[in-house]
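Below is one structure, written out as structure tokens; the observations come after it.
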Amino acid sequence: MKISDWLDEKEAENVDMSQLELPPDLSYGEDPDETIFYKEVKPCGLFCTENHPFSTVERFGHWYFCRGQDKKAGIHSAEKQWRLFTKDKHIALKTAQAHIE
């Protein structure tokens, strides 16, 4: 099953799309159709392997998957992770940008 089909089913079931998590078999089984936005805050250098705040928007069919780690969590923190599924590209981009600024 494609991610967009699964999301359509969940939307029809009136599931809260802002808190929805993909099942592991779906999340690793399909690459996004495109990555529309990606930004990472990494002031400690290119070779640092710790956690860094980031935001990304990926498109799966007619759905946009926004996710990241909020900049307010700070460098090297694993807290304040967020995600959102939406069909609105404008909302997806504004949400991702707001979490990284």
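The values are calculated or read from the model by the stated rules, or taken from the named source; none is laboratory data. All values reported here derive from a predicted model rather than from experimental measurement. Cβ coordinates were reconstructed from backbone atoms using ideal geometry, including for glycine residues, and neighbour counts include every protein chain displayed. Please note that ligands, DNA and RNA were not included when accessible areas were found on the heavy atoms of the full protein model with its side chains. Shrake-Rupley method; radii C 1.70, N 1.55, O 1.52, S 1.80 Å.
A few comments on the model shown:
- Under 30 Å from LYS42, Cα to Cα: lysines that are on another chain or at least 8 residues apart: LYS71, LYS72, LYS80, LYS87, LYS89, LYS94
- Rel. contact order, % - alpha carbon contacts under 8 angstrom, at least six apart, the chain: 25 percent
- C-alpha long axis of helix 3-12 to longest principal axis of the chain, angle in °: 60 degrees
- GNM result for the chain, Cα springs below 10 Å: residue of LEU26, LEU46, LEU84 fluctuating most strongly: LEU46
- The angle between the Cα long axis of helix 89-100 and the main principal axis of the chain comes to about 30°, on a 0 to 90 degree scale.
- Unpaired Cys in the chain, meaning no second Cys C-beta under 4.7 Å: CYS66.
- Gyration tensor over alpha-carbon atoms, the chain, equivalent ellipsoid semi-axes in Å: 26, 14, 13
- Rolling a 1.4 Å probe over the heavy atoms of the protein chains gives the chain an accessible area of 62 Å² per residue.
- Dipole of the chain [Lys/Arg +1, Asp/Glu -1 at C-beta], most positive-end residue of ALA98, ALA78, THR35: ALA98
- Counted charge near GLU58, where neighbours are those whose Cβ lies closer than 12 Å (Asp, Glu -1; Lys, Arg +1): 0
- Of the accessible area of the chain, computed with a 1.4 Å probe over protein heavy atoms only, carbon and sulfur atoms account for 47 percent.
- Ordered from largest to smallest accessible area (heavy atoms of protein chains, 1.4 Å probe), the residues TYR28, TYR38 come out as TYR28, TYR38.
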